[in-house]
Every structure is written in C-alpha cells, then in structure tokens.
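Following: one structure in structure tokens, then a few remarks.
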C-alpha cells in the first residue's frame, strides 16, 4: 500500500505543531538534577529544626501519599512474638496551593497477606496532612511483605506522588530492655528536684529497665563522694557522650530524656522510654550474680546474637552498680539522701569486651571486689551490648530483680499505660471508585520534589555524615514547619551537644527534573541560647552529582535565629517562630537551551553560579575544529589563569574555575576560537 504525498505532509505538519506547542517536553536536556547538603556546625547552643524541603512548582491541586508512619521500611524486631497486629497509619498531604474539595480515596494493599483496605475523605485544605488509620492487619514473623499505598483523586494533576511503596519484614527476636544512663550530682539542686521522678519511673518498670547513675564532679563545688570513688570511669563515659551538664539522661545510648522529669509518669513511658513500639532486639543479655567469699562478686553473662549486626565495633560493657546508697540526711545542694542505681565501676574498664557481630551464643565470666564502703547486699552487675560506631545499645541485662528492691521515697502508684493522643482524622467509608497504583499516565505540570520528614528517618535516598558517631540530625515528632502540614520535622540537637565545632551533614536524595524556573525552599527554626554558644547552618547545592558544591545559605547565631533567645531547650510550637527560605535555581542551573549533537555556532555562556564562592562553571560551544583558549583576567586586564589552551573538536564543553586564592571583585573570562572571540564578566563574592 502506498502512502499519499498529502498524508506525509500532514504527518510532518502535526510533528511541527507538537514541537511548537510543547517545547519543554521535547527539550529533555533542559531538565537538570540537584543534590543538597545541610551542614551544621555545633556551638553547644540551641536546637535547630528543618522541614518541608521542596523544589518545583506547586500545582493548584495535588494529593500525595507522603509516609507510612508505623511500619518501618526493611526490618523490625519483635519481642519473642511470632506475629504482630498493626493498625497502619498512612500520611496523605495536599501539596497543592488550593483546597481539594472533590473527594478522594486512600487504599493500602499487601498482596502477600491478601490484605486490602480503603478509606475516603471529602476535602483537605492546602498544605494540610491527614493521618489515615487503616484496617488492622496481622503480619507473621519472617514473611517479607510489600506495601502499596495510593490515592485516587479525580482532579489530581500530578500522578508521580500518588503511590508510595515499601518492603518490610518482621523478625522474631529477643525482648529489649531499656538502658537508662543518667549523669547526676549531689551538688546540683536541679538533680535533687528531678531525680525522684526518674527514680519512680524506673522502679515502676524495673524489670524492663537497666539504670546507671554516674555521679560527676560538677557543678561547683563538685565534691560528690560517689564521683570521687571512681572518677576515671565516670569521666571516660562523660567524654564518650560529650556530657557537660546535669541532670542529663540518655536512653539506649542514642536518645535524650527532656527536662524536667516532673512530667514523667507511666502514661508517657512508651513515648520516652521505648525506642520502638514493638520493643524487640537482635541481641539478648542475661546476667546472674554470685557472692563469693572474700567480698567478691562473680557474674556470669550470657549474650545471644540472633541476627548479623551491622557494625564490627560491638562491645559488651559491664558495670558494678549499687542499688541504693543511703545517708543519714541530705548531702550537698540537691537535698537528696537516698541515691539509686549508683554506678561504682566498669569491669575491666569503660571500653568493655569485644563482641562478635556474627550470630551465636557468647558467655562471659567476670569477677570484681566489693570495695569499702559499698554494701555487698545492694550490689549487682549490669551488662549491655553497645555499638561504638553510633553508640546504639542493642540490649542490656542485670543481676537483680524487683523482689530485692526497696521502693523509692518518691514512689507513686503505677497507672495504666495509655496510647498517646494523635492529631488524626479517620474518615468514614463511602462509594468512591478505586484507582490502580501508579497514578495518572503523565503529569500536567512540572515535577514537584519534596520531603516532609513524616515517615522513617532518614528518608529513602537521604544519608547522614556523622563523624563523631554521636548526636546528629534526628526526626522530631510534635514540631512541624509551616509550608505543609504534618507532625514531624528534623532537628539538630545542639542544646544537648557538647562536642563544640563538630560538623554534621545531611545529604538529600536526588531531586530530578528541576528547571531554571524552579525555586528551592525549606522551613527552618532556631533560637540562640547565649551569644557565646552559637550554631550555624550551611546549605550547599550540587548540579553535577556531588562533584562540586555551591553555598546557597550560610547563617549562624542571631543571623540564623527565627525566635527570641532562650536558655531553655527551643521548640518552635508557634508558627511565627518559623521562617521559609527560598532560592531561585536560576542562580546555579545552566541555561535551558536545547543542545544539538554538533553546535550550529560558537557560544560562550554566562557562568553559573554568578556571583560565586569559590567555584563556578563556564560552558562554551565550538562550531568547528581548531585551537581554543579560555582565559581568566582581573579588572586590570592581567591574566589570572588559563583554563583551556588546546585543539578542540566541534562539541559543547564546560570548565570549572576555582577562585579560592582570589579576593572579591569583578573578573573576566575570554574565549578565543578561530574567527570567534567573546569576553564576559563574572563576580567573586566572599
């Protein structure tokens, strides 16, 4: 069959019309990708919060699944359980600029369990986040499951973010006890005011908690007899956690218990005292003590590693603890005379014993002398397994049970544990039709990249560089930025971070399909503690996969602050204490010019970024083969550097110029190629 000439011309006309109507879609090379660095410098000041990192254009209507709250990606350990029943919590956010009032449906599917649950909402405000409570599901241990949560919204304009997928597995493991390490002092009135409440909570859950109270030599006068008895081990532990204040309590090596402790009761135990709702561990620790003749305690410690551990720097640490030290009356400024869970010494020292990360059964036997004035009837051994790379405590055990205890003086009757209150909305079921996962086949507007930090942290694709292995970026629930709704943000915990000068870096996932017409934005909040303790935040951007970085935000101290200074831990509960930073990507992205295989003309493009410090990119195009030079000059016409001086073939090229050794000012770059010559201006700004 022959095709008529008329049809050929008609087909060509259609293609030409499409190229005119949809130039951006056809110019694929005009889209770029970026990566972000959030770099904090700790000054032991106050807390910093970051939320709602976004690039792209927010459409009028866009409903997105932003997080699965209570089912972790990858692995969760169950405490000696063969299954777990969960009510999945799914976050849905209106990323659009307008309220969505046409109704939408949320579905969750787990095909391995033949599970499907659907819920609906009639409307959602711009920037608002709903937490949907789906139908409960029972998940057996050892089964890999795949979760797919997706929304069906008739007027939704972006399909890319309608669906969220993850894989998870629950493994039967050991029950996990909580290690509570408090730094305290009999010379601190604050310790005296807070310790009775902490002692009560520990007593109420004694069989599930291992407690160590390190007495330190400050504040002045610092004369604490329990510190003087073994200051070396206490100081080593202080240095390990960078502790510079009291009272200071660390949970499982990684979390801090916020002051004051007067709010503590068993209703909050699950929130502050359990590092996961399922409370399981890949490691078990059991301890049995035997008092031998000659005031010697022999402790037998059994450690079971059920699953491979992620670090090769695992240590078993063993401590001698005196459950109760009584004085005839108050000592020091704390007005305390009964001290619980007093640390006496590490065996053999604070570094402990090396432990294999390979699954297996490991036995340890240690002996230590009961020194004077320790009371042998109050002594017991406490052992815990700790990852020295990130200070996480996997599990702990002790050679004492509740039957040998005396009730703390501040004892209050235990009350029933309740589930914490959530700001949630559960919608009634109605008759909306379900949409298959994947969303719309194309996006009607440009891509929107975003991260709300509502799900597990760090999010998929995001990574943290934490050189000292201690405090770093962490998810904080209860504080949320103002651009989008939710209940979480990320925090730089400077208030508790005594390692002054430490730099930590949070790397973003790749934000793709960004354009020079887009704007990068993020919410942040910070309050200065004291002018002598100021922290800083630098945000860098890379347009070439992390090879080079450009600073787009650099603030510290009062320049970073969004709220009045305070000597209390800063929490931005008021929306006025947040700021939103916006940066046009035109300043760092190359111009959006379609590129052909062979340039049709010589071109010297404007450098980017401009102004810059200290690096910038210079792009140029060569039409025909020949000798090419690209040189940098100062404002007086003196040659600063030659970037290119060689024969080049027709193509597009880019060179990076580093001005680290130059002062601020105006400079020029000049391209010479055959019959072409052009000079452009650039600005170094330091």
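The values are calculated or read from the model by the stated rules, or taken from the named source; none is laboratory data. Since the structure is predicted, the reported quantities are computational estimates derived from the model, not experimental observations. As a convention, Cβ positions derive from the backbone with ideal geometry for all residues, glycine included, and neighbour counts pool all protein chains shown.
A compact table of results
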| item | result |
| --- | --- |
| Residue satisfying condition, being in a loop (DSSP other than H, G, I, E, B), surrounded by 21 or more Cβ atoms within 10 Å (Cβ to Cβ), modelled with pLDDT of 85 or more and not assigned by TED's automatic domain parsing to the domain that holds residue 240, within set 486, 461 | 486 |
| Test: residue 69 is in the same structural domain as residue 113 (by TED's automatic domain parsing), within 24 Å of the chain's Cα centre (by Cα), at pLDDT below 90 and at positive phi | no |
| Residue ID - modelled with the highest pLDDT, chosen from residues in segment 186-220 that are in a loop (DSSP other than H, G, I, E, B) and in contact with a strand residue (DSSP E or B) (Cβ under 6 Å, 6 or more places away or on another chain) | 216 |
| Output for segment 282-306, where each listed residue is in a loop (DSSP other than H, G, I, E, B) and either modelled with pLDDT of 95 or more or surrounded by 15 or more Cβ atoms within 10 Å (Cβ to Cβ) (or both) | 282, 306 |
| Single residue of segment 632-686 satisfying the filter (in contact with a strand residue (DSSP E or B) (Cβ under 6 Å, 6 or more places away or on another chain) and not in a strand (DSSP E or B)) that is surrounded by the most Cβ atoms within 10 Å (Cβ to Cβ) | 659 |
| Residues that are surrounded by fewer than 20 Cβ atoms within 10 Å (Cβ to Cβ), within 28 Å of residue 173 (Cα to Cα) and in contact (Cβ under 8 Å) with a residue 40 or more places away in the chain, drawn from segment 106-134 | 109, 133 |
| Any hit, segment 31-43, residues being in contact with a strand residue (DSSP E or B) (Cβ under 6 Å, 6 or more places away or on another chain), assigned to a loop (DSSP other than H, G, I, E, B), more than 30 Å from residue 590 (Cα to Cα) and modelled with pLDDT of 90 or more | yes |
| Condition check for residue 624: assigned to a loop (DSSP other than H, G, I, E, B), in the same structural domain as residue 669 (by TED's automatic domain parsing), surrounded by 14 or more Cβ atoms within 10 Å (Cβ to Cβ) and modelled with pLDDT of 85 or more | yes |
| Residue 337 being under 30 Å from residue 221 (Cβ atoms), crowded, with 17+ Cβ neighbours inside 10 Å and assigned by TED's automatic domain parsing to the domain that holds residue 197 | no |
| Residue list for segment 209-258, filter: on the phi > 0 side of the Ramachandran plot and surrounded by fewer than 20 Cβ atoms within 10 Å (Cβ to Cβ) | 222, 242 |
| Candidate set from segment 160-173 (those that are surrounded by 20 or more Cβ atoms within 10 Å (Cβ to Cβ) and assigned to a loop (DSSP other than H, G, I, E, B)); member that is modelled with the lowest pLDDT | 161 |
| Selection count, segment 174-185, where residues are part of a strand (DSSP E or B) and farther than 26 Å from residue 302 by Cβ | 3 |
